[in-house]
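Chemist: Take this structure, written in structure tokens, and hold onto it; I'll ask about it next.
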Amino acid sequence: MITADIIVAGAGHNSLVTACYLASAGYSCAILDARAVPGGGATTEEILGPGYAIDTCSTGHTLIQQNPLIRLDELGLVAKHGLSYIDPDPVAHVALPDGEQITMFLDPEKTIREYARFSEQDAESYRTLLTEFAELRPMLAEARSKPIGHGKSLAEILAAHPRGGIWSRRMAMSANDVICHEFKNRHIRAFMGWMAFQTAVPIDQAGTGLLAYQIIAPRQARSWSIPRGGSGRLIDALVGYLRDHGAEFHCDTQVNELILDGERCVGVRADDGREFRARKAVVSTIHVKHLAQMAPKSAWGESFVFGAETYNVGVPFFASYIATMAPPVFKTARGDVTAVSAGYAGWLEDLVQSGRDIYDGVMSKNIQWMLAATPSLADAGRAPEGHHTVKLLTHTIYDLPGTGPAGWEGLKEQFADRLVEIVQRFCPGFTDDVILSRLTKSPVDIEVANQHMIHGAPHGGDRSYTFSGPQRPVPGWAAHKMPIPGLYQTGGTTHPGGSITGIPGRNAAMVVLGDLGETVSDFMEL
């Protein structure tokens, strides 16, 4: 039996963040993960051979830049543990169905001029969007920098603001409705839709309206920030901090049961029979659907069990990782363009339909959304000299009609070819002989590699109105405490959701520290 003050089940970036703050308060931590390496969706691996550092899930870390963890370097991850970020320019480049292409530059005036090629009115609307989000940003930060119920909610903050009603309406709307209200040109609408769909929530869902602002404005301000050396450098810094504070790591450890002493969770049991006992608390980033199966239903209560059963796991991803001798170079009437974050977008109505198809279990006839990430353009050390790493991502379905999930094994390479063909349509120099090697992961493969990504959905679950804020992961249990005393939940299934933000991890640490009688402000800026 292994004991520690805190047992952490799951080693994604959020649970590591929680553990870091608890370790900083002097609590011993034992961290478990089913995978061979810590990091969850923020790992960088050499899956294409030595020297090719591939981000197997997340690449962009824009949203975590506003977290005090990074912004104020509360744990010294930057100052002491070597974490650094690159802000590429251009920020993004997107090709559209009729051959037109739109580039987003780090200089907002250059982006506005790019919009003006299509619509002067929409260019001014974009300027307004940036100005208005600057108004919302501090209110959003105030609401999200504390756990649900531990400070004013965003609704309460907005109620006291002169324009709060406008933002309340926008956040209740869909991203599609917001984009259509603010922008008129179909090229710009498509670009905005491509941006909004990056969080993998269908953009016609109620409660996604903020995505039209929250994804775009921070990237305009900071770019699609990437860690130097790969997404896994964030994990290296967190792990380094934890090792310096005496934390133990137990990878290749599959948790399959919570250990209860009466009504209280006192540890976890692995599938090989090993027990990990907590003197103070158990912190989980196990997917809420799996977590609910690790203790009797009576321990959770009817409401929690129903909430877990009806939780929407979100949109599956499809990924193709490629080692190349050259990057994708987009040919435009204004010259060649390369971008770390590039891609393809169908028209806005087609993007909307593709999201509907996914939730209806229908394979769309055409690929309407694709991300082509080439981080080696800005971070040459990720590939051997003169070579590049390219990651092609799209959204799709898990359960194929007629064949089920098993059908992906025979289809995935053909599907990956379609992604490459889209790139080649706009990047004629990206020929087959440029490609050195390729590894393709269907939604089934993604789930096998990381069981937290149920059905290959990496963002922790849908973030529309039904599954956000006080309803995430389950109504009544959004403040990181679980119905079983002694058990706390963090990670992508908790507020505010997936992506690399570190917010669930930091907020969960506040709750645990408070319950342990610590003064939270001693360990983090409030």
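The values are calculated or read from the model by the stated rules, or taken from the named source; none is laboratory data. Small disclaimer: the values here were computed from a predicted structure and weren't measured. Glycine gets a Cβ as well: all are built from the backbone with ideal geometry, and neighbour counts include every protein chain shown.
Chemist: Just to be sure before I move on: is VAL337 surrounded by 15 or more Cβ atoms within 10 Å (Cβ to Cβ), more than 18 Å from ARG438 (Cβ to Cβ), in contact with a helix residue (DSSP H, G or I) (Cβ under 9 Å, 6 or more places away or on another chain) and in contact (Cβ under 8 Å) with a residue 60 or more places away in the chain in the structure I sent?
Modeler: no
Chemist: Could I ask something else about it? Search the range 280-293 for residues being of a type outside the set (D, E, K, R) and farther than 18 Å from GLY40 by Cβ, and hand back the single one that is surrounded by the fewest Cβ atoms within 10 Å (Cβ to Cβ).
Modeler: The residue in question is GLN293.
Chemist: Which residue, of ARG170, ARG228, ARG219, is surrounded by fewer than 24 Cβ atoms within 10 Å (Cβ to Cβ), at pLDDT 90 or above and under 15 Å from TYR126 (Cβ atoms)?
Modeler: Answer to the selection: ARG219.
Chemist: Another question about this same structure. Taking the condition of a type in the set (Ser, Thr, Tyr) and more than 24 Å from ALA196 (Cβ to Cβ), does SER464 pass?
Modeler: Judged against the criteria, SER464 is not a match.
Chemist: Okay, moving on. Before we move on, is GLY82 under 26 Å from MET524 (Cα atoms), at pLDDT below 95 and touching a strand residue (DSSP E or B) at 6+ places or on another chain (Cβ under 7 Å)?
Modeler: For GLY82, the condition - under 26 Å from MET524 (Cα atoms), at pLDDT below 95 and touching a strand residue (DSSP E or B) at 6+ places or on another chain (Cβ under 7 Å) - is not met.
Chemist: With the structure loaded, tell me whether ALA53 is more than 16 Å from ASN507 (Cβ to Cβ), in contact with a strand residue (DSSP E or B) (Cβ under 9 Å, 6 or more places away or on another chain) and not hydroxyl-bearing (Ser, Thr, Tyr) or whether it fails that test.
Modeler: Criteria met by ALA53.
Chemist: Then there is this: Which residues, taken from the range 390-419, are in contact (Cβ under 8 Å) with a residue 60 or more places away in the chain and assigned to a helix (DSSP H, G or I)?
Modeler: Matches in the range 390-419: LYS412, PHE415, ALA416, LEU419.
Chemist: Please go through (1) within 30 Å of HIS480 (Cα to Cα); (2) touching a Ser or Thr at 6+ places or on another chain (Cβ under 7 Å) for HIS93 and return the number of the only condition it doesn't satisfy.
Modeler: For HIS93, the failing item is (1).
Chemist: Would you pick out the residues in the range 359-389 that are free of Cβ contacts under 8 Å to residues at least 24 places away in the same chain, within 25 Å of ALA190 (Cβ to Cβ) and either among the charged types (D, E, K, R) or not in a loop (DSSP other than H, G, I, E, B) (or both)?
Modeler: ASP360, LYS365
Chemist: Okay, moving on. If GLN205 satisfies every condition in (1) of a type outside the set (A, V, I, L, M, F, W, C); (2) at pLDDT 90 or above; (3) more than 23 Å from GLY355 (Cα to Cα) but one, which is the exception?
Modeler: The one condition GLN205 does not meet is (3).
Chemist: Would you check which residues across the range 106-165 are of a type in the set (Ser, Thr, Tyr), surrounded by 15 or more Cβ atoms within 10 Å (Cβ to Cβ) and in a helix (DSSP H, G or I) and list them?
Modeler: THR111, TYR115, SER125, TYR126
Chemist: Can you name the residue in the range 3-38 that is assigned to a strand (DSSP E or B), touching a Gly at 6+ places or on another chain (Cβ under 9 Å) and among the aliphatic types (A, V, I, L, M) and is also surrounded by the most Cβ atoms within 10 Å (Cβ to Cβ) among such residues?
Modeler: Among those residues, the one meeting the criterion is ILE7.
Chemist: Something else: Hey, can you tell me all the residues within the range 82-101 that are among the aliphatic types (A, V, I, L, M), surrounded by 23 or more Cβ atoms within 10 Å (Cβ to Cβ) and not in a loop (DSSP other than H, G, I, E, B)?
Modeler: Residues satisfying the conditions are ALA92, VAL94, ALA95.
Chemist: Six or more apart or on different chains, Cβ atoms under 6 Å: show the pairs whose first residue is in the range 296-308 and surrounded by fewer than 14 Cβ atoms within 10 Å (Cβ to Cβ) and whose second is of a type in the set (Val, Ile, Thr).
Modeler: Between residues of the range 296-308 that are surrounded by fewer than 14 Cβ atoms within 10 Å (Cβ to Cβ) and residues that are of a type in the set (Val, Ile, Thr), the close pairs are LYS297/VAL305.
Chemist: Report, by residue number, each residue of the range 155-213 that is among the hydrophobic types (A, V, I, L, M, F, W, C) and on the phi > 0 side of the Ramachandran plot.
Modeler: Scanning the range 155-213 gives a single hit, ALA200.
Chemist: Here is a follow-up. Which one is surrounded by the most Cβ atoms within 10 Å (Cβ to Cβ) among residues in the range 173-188 that are not in a helix (DSSP H, G or I) and not small (Gly, Ala, Ser)?
Modeler: Applying the filter and picking the extreme gives PHE183.
Chemist: May I pose another question? Could you please let me know if LEU400 is surrounded by fewer than 18 Cβ atoms within 10 Å (Cβ to Cβ), of a type in the set (A, V, I, L, M, F, W, C) and at pLDDT 95 or above?
Modeler: no
Chemist: With the requirement that a residue be surrounded by 24 or more Cβ atoms within 10 Å (Cβ to Cβ), closer than 16 Å to ARG144 by Cα and touching a residue at least 40 places away in the same chain (Cβ under 8 Å), what does the range 468-477 give you?
Modeler: Selection gives PRO473 alone.
Quick grid of which residues meet (1) farther than 30 Å from LEU377 by Cα; (2) touching a residue at least 40 places away in the same chain (Cβ under 8 Å); (3) in contact with a Pro (Cβ under 6 Å, 6 or more places away or on another chain):
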position: PHE191; (1), (2), (3): no, yes, no
position: TRP194; (1), (2), (3): no, yes, no
position: VAL201; (1), (2), (3): no, yes, no
position: ALA212; (1), (2), (3): no, yes, no
position: PRO218; (1), (2), (3): no, yes, no
position: ILE226; (1), (2), (3): no, yes, yes
position: HIS245; (1), (2), (3): yes, yes, no
position: VAL255; (1), (2), (3): yes, yes, no
position: LEU258; (1), (2), (3): yes, yes, no
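Listed here are the residues, each with its yes/no results for (1) assigned to a loop (DSSP other than H, G, I, E, B); (2) touching a strand residue (DSSP E or B) at 6+ places or on another chain (Cβ under 8 Å); (3) surrounded by fewer than 23 Cβ atoms within 10 Å (Cβ to Cβ).
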{"residue": "SER437", "(1), (2), (3)": "no, yes, yes"}
{"residue": "ILE446", "(1), (2), (3)": "no, yes, no"}
{"residue": "THR466", "(1), (2), (3)": "no, no, yes"}
{"residue": "ALA479", "(1), (2), (3)": "yes, no, yes"}
{"residue": "TYR488", "(1), (2), (3)": "no, yes, no"}
{"residue": "GLY492", "(1), (2), (3)": "yes, yes, no"}
{"residue": "PRO496", "(1), (2), (3)": "yes, no, yes"}
{"residue": "SER499", "(1), (2), (3)": "yes, no, no"}
{"residue": "MET510", "(1), (2), (3)": "no, no, no"}
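Chemist: Report yes if GLU45 is touching a strand residue (DSSP E or B) at 6+ places or on another chain (Cβ under 7 Å) and among the charged types (D, E, K, R), otherwise no.
Modeler: Answer is yes for this residue.
Chemist: Does the range 39-71 hold any residues that are free of Cβ contacts under 8 Å to residues at least 12 places away in the same chain and either within 13 Å of the chain's Cα centre (by Cα) or buried (at least 24 other Cβ atoms within 10 Å of the Cβ) (or both), and which are they?
Modeler: Listed by number, the list is empty, since nothing qualifies.
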